[in-house]
Amino acid sequence: MSSPFHDLYDRQMRLPGHGEVGQQRLRDAKVLLVGVGGLGSPAALYLAAAGVGTLGIADPDTVELSNLHRQILHSTDTLGAPKTVSAAETLSTLNPALHITLHPEGIQADNALELIKRYDVVVDGADNFATRFLVADACGLAGKPLVHGSVLKGEGQVGVFLPKSGCYRCLYPVMPDPATVPTCGEAGVLGATCGVIGSWMAAETVAILLKQRTASKLLLIDVAGGSSKSLGLSADAHCPLCGSAPTIVSINPNRYTFACSSKIMSEAPLEISVEDARRLLSQNNPPILVDVREADELAICQIAGAQHIPLSEIPERWSGLSAHASVLVICHHGGRSMRATQFLRSKGLSGVTNIKGGIDAWALKIDPKLARY
Ligand SMILES: [Zn+2]
């Protein structure tokens, strides 16, 4: 017996692993869309059309003319309207059975965790790093699958992050300086490129809901060049979010810089050369230098004036460093000091910088009298 429900979804229910059971899974599912712009638009349209039962829409923006070449949920009829409202109008016409929940305040540090806990899968098409990292952290803490997408010029990526299988922070432990990364507004993007990435995000979301995904992965898609590749991910034991000794155990608003770009621009570089470090240390108001090696290593060689905090003691003693606007971290070759730098930055200390190559590079390039080991 054919029913309107059956007719509507017949072509996808024929697919292997879908059927009536799969369709019911989609109908029972709740998916949160973070952003209904260039990526969220096609993702939302395909999820609504596929029969996902509930879509949450979090987006604080309004529809602008410059959005319309890629944000195909919206139209000239809804210029100036909140994107949540504009999106809901389009989606409910496409699928009147869809249940839509609007979150016009968008994802913020104070609502992210509570919001994400209400959904089964989160689809992140946000256009800024602060929101991406906030959403990734909240998904990790709440144990929710995350489908992430981003696009720049003719290329994009889709990340599928399943609980305990490798998270966004395994891939990107520290939020990059947004000032170093061009946005679509600056670099330009073709609408159809967003369509490819957003549609791929919808396909991965449906696959997760149908229990067809068991591992995290990253898809790199060169739309302009006509190629794509899939990289398998695995959980990193040192990950600040999902590792064995996580440093991100709650949503700390200070960790996500939503402030104006001038504040972002002032963030110190993540890593500098020994030459740049020496220049900074010899200026009038020098940064504090922290050596995170062990005591027996310091006995071999050290830089005068450095404060000694072994890496293992950083988690207990880091708060004393928060009084300093600028901190340089050094170790033997730069590995341990980078871990310390990432830890300190995860605590909101944005003025912490790693010294590349460690004290060994210092001995080679700055002070040949230092003993090497
Ligand atoms: Zn992780």
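The values are calculated or read from the model by the stated rules, or taken from the named source; none is laboratory data. These numbers were taken from a predicted model, which means no experiment stands behind them. Here the Cβ is made from the backbone with ideal geometry for all residues, glycine too, and neighbour counts use every protein chain on show.
ASN285 meets the conditions (1) touching a residue at least 60 places away in the same chain (Cβ under 8 Å); (2) more than 29 Å from ILE197 (Cβ to Cβ); (3) exposed (fewer than 12 other Cβ atoms within 10 Å of the Cβ) in every case but one. The failed one is (1).
Scanning region 332-348 for residues that are touching a residue at least 24 places away in the same chain (Cβ under 8 Å) and out of contact with any strand residue (DSSP E or B) (no Cβ under 7 Å at 6 or more places or on another chain) yields HIS332, HIS333, ARG336, ARG339, GLN342, PHE343, SER346, LYS347, GLY348. Might you let me know whether region 177-195 holds any residue that is within 21 Å of TYR119 (Cβ to Cβ), at pLDDT 90 or above, crowded, with 23+ Cβ neighbours inside 10 Å and under 20 Å from the mean Cα position of the chain (by Cα)? The answer is no; no qualifying residue exists.
The set of residues in region 139-169 being of a type in the set (D, E, K, R) and within 11 Å of the ligand (Cβ to nearest atom) consists of LYS164, ARG169. Check region 280-291 and report whether any residue there is within 29 Å of ALA245 (Cα to Cα) and out of contact with any helix residue (DSSP H, G or I) (no Cβ under 8 Å at 6 or more places or on another chain). No: region 280-291 contains no residue that is within 29 Å of ALA245 (Cα to Cα) and out of contact with any helix residue (DSSP H, G or I) (no Cβ under 8 Å at 6 or more places or on another chain).
Every residue in region 121-138 that is of a type in the set (D, E, K, R) and more than 11 Å from the ligand (Cβ to nearest atom), please.
Once the filter is applied, which keeps residues that are of a type in the set (D, E, K, R) and more than 11 Å from the ligand (Cβ to nearest atom), region 121-138 yields ASP124, ASP127, ARG132.
In the set ALA49, ALA112, ALA97, only one residue is surrounded by 21 or more Cβ atoms within 10 Å (Cβ to Cβ) and in contact (Cβ under 8 Å) with a residue 24 or more places away in the chain; that residue is ALA112.
If you go through region 208-234 and keep only what is touching a helix residue (DSSP H, G or I) at 6+ places or on another chain (Cβ under 6 Å) and within 16 Å of the ligand (Cβ to nearest atom), you end up with nothing.
Being modelled with pLDDT of 90 or more, hydrophobic (A, V, I, L, M, F, W, C) and away from the ligand (no atom under 16 Å from the Cβ) is the requirement here; does ALA304 meet it? First the steps, then the outcome.
Numbers: modelled with pLDDT of 90 or more: yes; hydrophobic (A, V, I, L, M, F, W, C): yes; away from the ligand (no atom under 16 Å from the Cβ): yes.
Yes; evaluated as a whole, the condition is true for this residue.
Taken over region 348-364, the criterion of being hydrophobic (A, V, I, L, M, F, W, C) and assigned to a strand (DSSP E or B) is satisfied by VAL352, ILE355.
Say we look at region 64-80 and pick out the residues that are over 18 Å from LEU190 (Cα atoms) and in contact with a helix residue (DSSP H, G or I) (Cβ under 7 Å, 6 or more places away or on another chain); which of these is surrounded by the most Cβ atoms within 10 Å (Cβ to Cβ)? Filtering first and then ranking leaves THR78.
Scanning region 140-159 for residues that are at pLDDT below 95 and outside any strand (DSSP E or B) yields a single hit, GLY154. Would you mind stating whether ALA237 is touching a Gly at 6+ places or on another chain (Cβ under 9 Å), within 16 Å of the ligand (Cβ to nearest atom) and modelled with pLDDT of 95 or more? The answer is no for ALA237.
In this structure, LEU162 qualifies as at pLDDT 95 or above and either within 28 Å of THR353 (Cα to Cα) or assigned by TED's automatic domain parsing to the domain that holds LEU220 (or both). In region 101-138, what count of residues is obtained for those that are of a type in the set (Gly, Ala, Ser) and either farther than 22 Å from PRO173 by Cα or in contact with a strand residue (DSSP E or B) (Cβ under 7 Å, 6 or more places away or on another chain) (or both)? Of the residues in that region, 4 qualify.
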